[in-house]
Amino acid sequence: MAEADDESFALQLILPEGGKTAPCCPHGPTLLFEKVSKRGERGRRFYACSACRDRKDCNFFQWEDEKVSEARLLAREVKNQSKRPLLSQEEYHTRFTTFISLPLDEKKFCQDCQILLLPGEREAHASHRSTDVSAAQLRRPSALLRPLDNKKSNAQYLFTDRSSHFLLDTLSALGYTKLLCVGTPRLQELIKLRNLEQKHKPMKSLLLDIDFRSACPSPLCICFCKECADRVCSCDKLQPEAHTPYFYQDTCARYAQFYSQDEFCHYNMFNHHFFGGEPSSAVLQAFLTECDEEKVVMVADPPFGGLVKALANSFCLISRMWRKLQSSDGSNADMPMMWIFPYFFEPRILECLPSFSMLDYQVGYDNHPLYKHGKTGRKQSPVRLFTNISPKDIILPKEEGYRFCSVCERDVWCLNKHCAKCNVCPSKDGREWKHCSACQKCVKPSWRHCHSCGRCALPDHPCGLSQGKEGCFNCGSLQHKRKACPLKDTHRISSCPFSAKSGRSKNVSRHPLFKHKTKMRPGAACRAKKMATQSM
């Protein structure tokens, strides 16, 4: 592959076009990407996994114009089958019903495999760590299961009880009776607990979650045929002569073990993919249908490393489905939503969903080292609520430090002081911001105005690299940014080494990114120079 220059580049997500089918990896349909350089050059498009940023987690890669052989397609399908959840949602619920009926001393949970064990399965897990399961733990699966912690794929950070109760109290006060929980298992659990206690207005809920992880083999594993990619037998080692076994399925479901078909769907929020196919999609459609004064709202808590554009596209598809199912006069109203994400993603979220606004409420997580509220973590969590519900209708708890701004007509954090010049409560990070007359806007308290750069920045910032002077990422103009560039869709220079016309496509690396020259650290450069001098 040709040597890359030192110019920076960006990967641009290409949303699915009508009628075009993307290849699939174990996480469902892949996403299409294109590398865009600062000179306006565009690289060869490629497909990669929608859910994992690290190729160690999912190494799928395919050029958009690449022809894939039938043998490779079959091998890919076999691999995808092997990574899917072990049983159907109906089968998991049947197991759960059987598990509940067991005596208390026979209810066991394998901590290594993260599955509930029936009596006939304990022998295969004899060498594993297991624990007793109480009725209270069965009602709180998130406390029993070990959270995923891979920040580059499907990390799971669980709401604190403080945040969970606030969300449910707020939505209930606004009249919502059906809650679509996208990646929010704690809300699903709390709704079921509240319904049992009968102290609050009953709510219905549906959990959408990607929900699976690798596990060690168990008696539930399934064999697959290498030729037809079909499930052919259970792991009693009896192989049908008409099939050639390939390998055992090595993944297990997590939350699917605890819920019925109407309470849980195995779902990838990055590509709007239902692993259960049409039956799971039908469950969502039935849930989104409003009748008898029911009101549906969605609360989504995606992994913070996820692509905003891909997530926004999936949420828009859910909103579009909700709109079509309503019996009203075909209005263009959007489905009420809450998207939980760090505040520094605000520009990207508002670019994709202009009807959203960010609230000051700081969401806390039990199992995150920093995103906590109080003395045990940072004083302010950076995670916020983005919603298309009117901010003036959402009352933030005064006992936690929020106040009402009569000018903005919304609740804000106590240190978020209203600026008369900007006519807004400007703080984003929980600190009190200050107004800069030169910049004509409010900035962070730690920033100082730099006359050389003509903007506010940290005192020790490198001058000459100020924001706004880099120009358009596409053409270099200082008058606009790339998203407003008139040459965004027309300026395509085919000098990139990924070009299909270069005649070198068969020999290029299958890694989509250029590898830049490695620069030596100052100390390493000095040592190398000294060694070269001694050898002369």
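Which order do the peptides 380-391, 57-68 take when ranked by the mean count of other beta-carbon atoms within 10 Å per residue, highest first?
Most protected by this proxy first, the peptides run 380-391, 57-68.
Hey, got a sec? Which GluC sites (Glu not before Pro) in region 384-433 land in a DSSP loop and have at most 16 other Cβ atoms within 10 Å?
Of the GluC sites (Glu not before Pro), the ones in loops of region 384-433 whose Cβ has at most 16 other Cβ atoms within 10 Å are Glu409, Glu432.
If R0 is 25 Å, what FRET efficiency do you get for Arg139 and Glu91 from their C-beta distance, rounded to 0.05?
E between Arg139 and Glu91, to the nearest 0.05, is 0.70.
What's the lysine pair count for region 10-82 at a Cα cut-off below 26 Å, pairs eight or more apart or interchain?
8
Under a plain spin-label model, where a point goes 7 Å from the Cα along Cα-to-Cβ, how far apart in nm are Arg84 and Lys324?
Taking the simple label geometry, Arg84 and Lys324 are separated by 2.3 nm.
Quick check for you: with a 1.4 Å probe and neighbouring chains kept, what is the accessible area per residue of region 10-82, in Å²?
With all protein chains present, region 10-82 gives 47 Å² per residue.
Tell me which of His27, Ala10, Gln81 sits at the most positive position along the dipole axis of region 10-82, charges placed on C-beta atoms (Lys, Arg +1; Asp, Glu -1).
Projecting each Cα onto the dipole axis, the largest value belongs to Ala10.
What are the GluC sites (Glu not before Pro) within region 98-188 that DSSP puts in a loop, where the Cβ has at most 13 other Cβ atoms within 10 Å?
Those that pass, being in a loop and sparsely packed, number zero.
For the pairs Lys398/Lys441; Lys107/Lys398; Lys83/Lys428; Lys295/Lys434; Lys204/Lys417, flag any whose C-alpha to C-alpha distance is greater than 32 Å.
Lys107/Lys398; Lys83/Lys428; Lys295/Lys434; Lys204/Lys417
Under the definition of Cα pairs under 8 Å and six or more residues apart, what whole-number percent is the relative contact order of region 23-127?
Taking the mean separation of contacting Cα pairs over the length of region 23-127, I get 18 percent.
Using a basic spin-label model with each label point 7 Å from the Cα along Cα→Cβ, how many nm lie between Cys408 and Glu432?
With each label placed 7 Å out from Cα toward Cβ, I get 1.5 nm.
Just need the relative contact order of region 10-82 here, percent rounded to a whole number, with Cα pairs under 8 Å and 6+ apart.
About 26 percent, as a whole number.
Considering only protein heavy atoms and a 1.4 Å probe, what is the carbon-and-sulfur percentage of the accessible area of region 10-82?
Ligands and nucleic acids excluded, carbon and sulfur reach 52 percent.
The values are calculated or read from the model by the stated rules, or taken from the named source; none is laboratory data. In this text, all values refer to a predicted model and were calculated from it rather than measured experimentally. Here Cβ is always computed from backbone atoms with ideal geometry, including for glycine, and neighbour counts include all displayed protein chains. Accessible surface is based on the protein model in full, side chains and every heavy atom, while ligands, DNA and RNA are left aside. Shrake-Rupley method; radii C 1.70, N 1.55, O 1.52, S 1.80 Å.
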